[in-house]
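Below is one structure; the comments refer to it alone.
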Amino acid sequence: SCQTQPKEDYSWIKKGLDAASAQLQLTAEEISSTNMLPRSIRTGYDMNFLCRQLERDSLTFKDSLRAQPTADQLGKRRLCSVYDWTSGFYPGSLWYAYELTGNDTLKTWAIQYTNLLNPVRYYTGTHDLGFMVNCSYGNAERLAPNDTIAAVMKETADNLCGRFNDSIAAIRSWDFGTWNFPVIIDNMMNLELLFAATRLSGDSTFYKVAVSHVDRTMKEQYRPDGSCYHVVDYSMKDGSVRNRHTAQGYAHESAWSRGQAWGIYGLTLCYRETGDRKYLDQALKAVRFMFNHKNTPEDLVFYWDMDAPNIPNDYRDASAAACIASALYEISTVDVPEPQTYKAYADRIMESLASPTYRAELGTNGNFLLMHCVGSIPHNGEIDVPLNYADYYFLEALKRKRDIEQKGSKGC
């Protein structure tokens, strides 16, 4: 019975939420006049950041070098524009913190920073519109809906569908480099915007594009062991696969951990939206790969790549762990054998992330919540730093855990 079950210690949830709320408010106050959003902290020369500037802002190489951090900027907060692929995570974090606390000050800040992203509705230069708009406006639609929010989401979804190719049956990711038609596993996360647009508009086009994309991804991007490639490059001529690569992982045949996280989460949301069991089955296979891997650490905060060369003395990626934890909480609520196993995995990850090893003290870490994340080691970009998407998925996981616990207590 409920009375005889041992009570779990949930003190780490309150501590994590209290810290997150305080950190988010400090950041909101400190950057309110910049019209920019927090992304990470600066740690030195960042080739990935330089390349993105060249690609998106049409800067010269010399201009990009000037934009690199000076000595007095090192260790300070790194801001990004609304057109950065991570721009939606900070507003989304504010929405989750408001939802979890009921603090109206957080809601006010969430509205302000979400509204900053309004110009993104006209932007067609990225596949990451789901990250940018669904994490911000999507959460606003849940918690404070209005007609403007719905219009922004539908317009942005239209632009995302504009990157869909019928012969390849997928959404194009990058517009740079020597690729022909690259599709990255990250793109699975952006499908959530298309499903949301279907509900808001009643237009099944968004749904059909999302399903086509996930089906092609499952067929071409996943290995037999349940792991996935980061990039599949398709031929524009006949839709065939030109090559399979891992751009941000250790090697083409390695398992880049955040890529595995994107895939697990994306497949889970596709199962939620379609009810098609094949997506859940593939997600579970990917979960088994991660937790049965010989290099899975005891605290379940994964190394940046499961095949990284210096394990056990290699970098961890709290962003991958937080994303997987959020997906696992959702998986634990659907029809799977032994659902408590998935919840237990998620709880262990979250307890680790909420510990002093990964959760920063108030006023430190650029006011980001989590430490020890990895952007892209091959590009020397954002290594062992906080990342705004790690904080976002940590808060989302807290929200999902709270919902599970509240539902369980009502059942008693």
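The values are calculated or read from the model by the stated rules, or taken from the named source; none is laboratory data. This is a predicted model, so every value here is computed, not measured. Note that each Cβ is placed from the backbone with ideal geometry, even for glycine, and that neighbours are counted across all protein chains shown. Ligands, DNA and RNA are stripped out before the accessible areas are found, and what is left, the full protein with its side chains, is counted by its heavy atoms. Shrake-Rupley method; radii C 1.70, N 1.55, O 1.52, S 1.80 Å.
When you go through Ala255, Ala283, Ala261, Ala247 one by one, which is the residue that is surrounded by fewer than 19 Cβ atoms within 10 Å (Cβ to Cβ) and aliphatic (A, V, I, L, M)?
Values: Ala255 fails: surrounded by fewer than 19 Cβ atoms within 10 Å (Cβ to Cβ); Ala283 fails: surrounded by fewer than 19 Cβ atoms within 10 Å (Cβ to Cβ); Ala261 fails: surrounded by fewer than 19 Cβ atoms within 10 Å (Cβ to Cβ).
Only one candidate passes the filter, namely Ala247.
Sort out which residues of region 362-388 are farther than 13 Å from Ala318 by Cα and either without any contact (Cβ under 8 Å) to a residue 12 or more places away in the chain or assigned to a helix (DSSP H, G or I) (or both), and write them in order of number. So that I can check it myself, show each step before the final result.
Keep residues of region 362-388 that are farther than 13 Å from Ala318 by Cα, which gives 362-367, 376-381.
Thr364, Asn365, Gly366, Asn367 - these are the residues of region 362-388 that are farther than 13 Å from Ala318 by Cα and either without any contact (Cβ under 8 Å) to a residue 12 or more places away in the chain or assigned to a helix (DSSP H, G or I) (or both).
Return yes when Ile324 is buried (at least 23 other Cβ atoms within 10 Å of the Cβ) and without any contact (Cβ under 8 Å) to a residue 60 or more places away in the chain and no when it is not. Don't jump to the end; show me each part of the working.
On the way: buried (at least 23 other Cβ atoms within 10 Å of the Cβ): yes; without any contact (Cβ under 8 Å) to a residue 60 or more places away in the chain: no.
Taking the combined requirement at face value, the residue does not satisfy it.
Return a yes/no flag: does region 44-51 have any residue that is surrounded by 20 or more Cβ atoms within 10 Å (Cβ to Cβ), in contact with a helix residue (DSSP H, G or I) (Cβ under 8 Å, 6 or more places away or on another chain) and modelled with pLDDT of 50 or more.
No, because not a single residue in region 44-51 is surrounded by 20 or more Cβ atoms within 10 Å (Cβ to Cβ), in contact with a helix residue (DSSP H, G or I) (Cβ under 8 Å, 6 or more places away or on another chain) and modelled with pLDDT of 50 or more.
Inside region 101-142, can you point out the residues that are open to solvent by 40 Å² or more (accessible area, probe 1.4 Å) and either among the small types (Gly, Ala, Ser) or over 18 Å from Leu24 (Cα atoms) (or both)?
Across region 101-142, the qualifying residues are Gly102, Asn118, Pro119, Tyr122, Tyr123, Thr124, Glu141, Arg142.
Could you check region 365-382 and list, in sequence order, the residues that are open to solvent by 40 Å² or more (accessible area, probe 1.4 Å) and of a type in the set (A, V, I, L, M)?
Step one: of region 365-382, the residues open to solvent by 40 Å² or more (accessible area, probe 1.4 Å) are 371-372, 377-380.
Within region 365-382, Met371, Ile377 qualify.
Could you list all residues from region 331-342 that are in a helix (DSSP H, G or I) and surrounded by fewer than 21 Cβ atoms within 10 Å (Cβ to Cβ)?
Taking region 331-342 first, the residues in a helix (DSSP H, G or I) are 331, 339-342.
Listed by number, the residues that qualify are Pro339, Gln340, Thr341.
Within the bounds of region 210-224, is there any residue that is in contact with a Lys or Arg (Cβ under 6 Å, 6 or more places away or on another chain) and surrounded by fewer than 24 Cβ atoms within 10 Å (Cβ to Cβ)?
no
Quick one: Leu194 ticks every box in (1) surrounded by fewer than 24 Cβ atoms within 10 Å (Cβ to Cβ); (2) in contact (Cβ under 8 Å) with a residue 24 or more places away in the chain; (3) of a type outside the set (Phe, Trp, Tyr) bar one, so which box is it?
(1)
What is the number of the single condition among (1) more than 23 Å from Met371 (Cβ to Cβ); (2) not in a loop (DSSP other than H, G, I, E, B) that Asp307 does not meet?
(2)
Give me the pairs: first residue in region 336-356 and closer than 17 Å to Asp391 by Cβ, second residue open to solvent by 30 Å² or more (accessible area, probe 1.4 Å) and modelled with pLDDT of 95 or more, beta-carbon distance under 6 Å, and six or more apart or on different chains, which are they?
Listed pairs, sorted by first residue: Ser352/Asp299.
Of everything in region 152-170, what is in a helix (DSSP H, G or I) and among the basic types (Lys, Arg)? Give them in sequence order. Working first, answer last.
Of the residues in region 152-170, the ones in a helix (DSSP H, G or I) are 152-161.
The one that is in a helix (DSSP H, G or I) and among the basic types (Lys, Arg): Lys154.
Under 6 Å between Cβ atoms, which residue pairs at least 6 apart in sequence (or on different chains) link something in region 295-307 that is aliphatic (A, V, I, L, M) with a partner that is open to solvent by 10 Å² or more (accessible area, probe 1.4 Å) and assigned to a loop (DSSP other than H, G, I, E, B)?
Met306/His293; Met306/Asn295
When region 290-304 is examined, which residues are found to be out of contact with any Lys or Arg (no Cβ under 9 Å at 6 or more places or on another chain) and open to solvent by less than 50 Å² (accessible area, probe 1.4 Å)?
Selection gives Met290, Phe291, His293, Asn295, Thr296.
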